[in-house]
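Asker: Structure provided below as structure tokens; questions to follow.
The values are calculated or read from the model by the stated rules, or taken from the named source; none is laboratory data. These numbers were taken from a predicted model, which means no experiment stands behind them. Neighbour counts run over all protein chains shown; Cβ positions are idealised from the backbone, glycine included.
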Amino acid sequence: MNLVFPKRLRLARLPTPIQPLRRIAQNLDCNIWVKRDDLTGLASSGNKVRKLEFILARARAAGAQVLITCGGVQSNHCRATAILGARLGFKVHLLLRGAEPKRAEGNLLLSRVAGATIRYFAPDHYRDQLDSIFTETAADYRERGLKPWLIPTGGSDGVGVWGYLAAAKEIAAQQEEQGVTFDHLITATGSGGTQAGLTLGAHLYLPRAQVTGIAVCDDAAYFQRKVREDLHAWGQLYGQPCAPDALDVRVLDHYIGAGYGKAGRAVFACIEQLARTEGLVLDPVYTGKAFHGMLAEIAANRLGGNILFIHTGGIYGMLAQAEEYDQHATPSG
Ligand SMILES: Cc1ncc(COP(=O)(O)O)c(C=O)c1O
């Protein structure tokens with residue numbers, strides 16, 4: 001497939017480096033590399049900026065003035081949208097699931113600093129009424145003469161797919177430069193868009209690599225459906241032949257632990273291990289769970305060869321879990 005990429009705004013620092021994790025892999029029967037998408041920016045860092053390069057290009061071309069998006073109180077996607085929206089001159093309106101905390105920390109703090117309008121919704125109401133909350137918020141801006149642009153959870157839709165499709169192409173070029181061929185790409189999966197882009201991207205540019213998503217919230221069946229829906233939407237929107245049902249969408253859903261955003265001792269221990277042996281900081285919501293899951297799969301001999309872990313960012317989520325970390329911390333001497 002000879003793909004012509006649509007217009008994108010250059011918002012991320014690309015290409016992000018690929019580095020070997022030699023100390024972590026020392027006693028393991030495999031090689032591990034990390035794709036540093038935690039370095040796509042500073043306040044805008046992580047995986048979301050790759051999707052937003054394409055999403056915001058469309059919003060701008062359509063003459064939109066207000067970005068409306070949604071997520072949890074510590075959403076990385078909402079923070080990245082708040083920061084990039086400010087950078088590009090959009091107003092940003094965030095619909096957040098959960099109660100307003102007494103003190104804003106981590107991602108929420110940055111979204112506030114960047115001037116986003118923030119509304120909080122009780123989780124049940126958010127779950128049942130998200131579509132109408134979006135519709136009403138958008139109508140409100142239209143009445144005020146402003147054109148809204150709606151961005152779904154995590155920027156995961158047919159447009160957002162381009163972000164990690166482009167990342168797969170970037171990885172293919174780096175493979176050549178670094179003289180390595182990856183057998184596996186591992187990512188945390190939270191709303192499906194990263195895995196959707198990588199799955200199609202690997203199919204096109206990295207034929208030997210199998211993509212595995214480590215789910216951090218919903219089950220494998222949900223994400224298999226969601227990834228295929230996003231790919232189907234991508235094919236429809238851009239007139240591309242795409243057969244999502246023929247693609248292998250591999251999701252592991254047994255590393256979620258106590259629930260979304262809740263990391264136990266094993267995940268915090270894995271975060272410490274990475275920080276202490278490689279100087280690489282993961283987060284308890286996404287990358288810590290995914291890395292922990294990846295190590296468990298390696299230990300069980302279900303994963304091997306040349307493995308590329310996609311570090312999708314999330315450091316501000318780590319900073320928001322100081323209390324949770326204290327409950328599990330191992331003294332550092
Ligand atoms: C740091 C981080 N990693 C991974 C993910 C998962 O990406 P996706 O939503 O595309 O599945 C997210 C967002 O959900 C995230 O914020």
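Asker: Take the residues in the stretch 281-290 that are part of a loop (DSSP other than H, G, I, E, B) and out of contact with any Phe, Trp or Tyr (no Cβ under 6 Å at 6 or more places or on another chain), then tell me which one is nearest to the ligand (Cβ to nearest atom).
Answerer: Kept after step one, since they are part of a loop (DSSP other than H, G, I, E, B), are these residues of the stretch 281-290: 281-286.
Still in the list and also out of contact with any Phe, Trp or Tyr (no Cβ under 6 Å at 6 or more places or on another chain): 281, 283-286.
On the way: VAL281: 12, ASP283: 6, PRO284: 11, VAL285: 7, TYR286: 3 Å.
This residue is TYR286.
Results for (1) under 29 Å from ALA168 (Cβ atoms); (2) within 16 Å of the ligand (Cβ to nearest atom); (3) among the small types (Gly, Ala, Ser), shown as yes or no for each residue.
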residue: LYS35; (1), (2), (3): yes, yes, no
residue: ALA43; (1), (2), (3): yes, yes, yes
residue: LYS51; (1), (2), (3): yes, yes, no
residue: ALA62; (1), (2), (3): yes, no, yes
residue: GLN65; (1), (2), (3): no, no, no
residue: ARG79; (1), (2), (3): yes, yes, no
residue: GLY98; (1), (2), (3): no, yes, yes
residue: ARG103; (1), (2), (3): no, no, no
residue: ASP124; (1), (2), (3): no, no, no
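Asker: Same structure again: In the stretch 291-333, how many are in a helix (DSSP H, G or I) and within 16 Å of the ligand (Cβ to nearest atom)? Lay out the reasoning, then the answer.
Answerer: Quick first cut of the stretch 291-333, residues in a helix (DSSP H, G or I) only: 291-299, 315-319, 322-328.
When the remaining residues are screened for being within 16 Å of the ligand (Cβ to nearest atom), the result is 291-294, 315-319.
Adding up the residues that qualify gives 9.
Asker: Which pairs have Cβ atoms under 6 Å, sit 6 or more apart or on different chains, and link a residue in the stretch 209-221 that is at negative phi to one that is part of a strand (DSSP E or B) and crowded, with 24+ Cβ neighbours inside 10 Å?
Answerer: Every condition considered, the pairs that remain are ALA209/LEU185; VAL211/LEU185; THR212/ILE186; GLY213/THR187; GLY213/THR189; ILE214/ALA188; ALA215/THR189; VAL216/ALA188.
Asker: For the stretch 156-197, name all the residues that are near the ligand (Cβ under 8 Å from one of its atoms) and either outside any helix (DSSP H, G or I) or not assigned by TED's automatic domain parsing to the domain that holds PHE309 (or both).
Answerer: Result: SER156, GLY160, THR187, ALA188, THR189, GLY190, SER191, GLY192.
Asker: Would you mind stating whether ILE256 is hydrophobic (A, V, I, L, M, F, W, C), within 15 Å of the ligand (Cβ to nearest atom), part of a loop (DSSP other than H, G, I, E, B) and without any contact (Cβ under 8 Å) to a residue 60 or more places away in the chain?
Answerer: Working: hydrophobic (A, V, I, L, M, F, W, C): yes; within 15 Å of the ligand (Cβ to nearest atom): yes; part of a loop (DSSP other than H, G, I, E, B): yes; without any contact (Cβ under 8 Å) to a residue 60 or more places away in the chain: yes.
In short, yes.
Asker: Has the stretch 264-279 got at least one residue that is surrounded by 14 or more Cβ atoms within 10 Å (Cβ to Cβ) and touching a strand residue (DSSP E or B) at 6+ places or on another chain (Cβ under 7 Å)? Walk me through it before giving the result.
Answerer: We begin by selecting, within the stretch 264-279, every residue surrounded by 14 or more Cβ atoms within 10 Å (Cβ to Cβ); these are 264, 266-275, 278.
With the extra rule that they be touching a strand residue (DSSP E or B) at 6+ places or on another chain (Cβ under 7 Å), the set shrinks to none.
Scanning the stretch 264-279 turns up no residue that is surrounded by 14 or more Cβ atoms within 10 Å (Cβ to Cβ) and touching a strand residue (DSSP E or B) at 6+ places or on another chain (Cβ under 7 Å).
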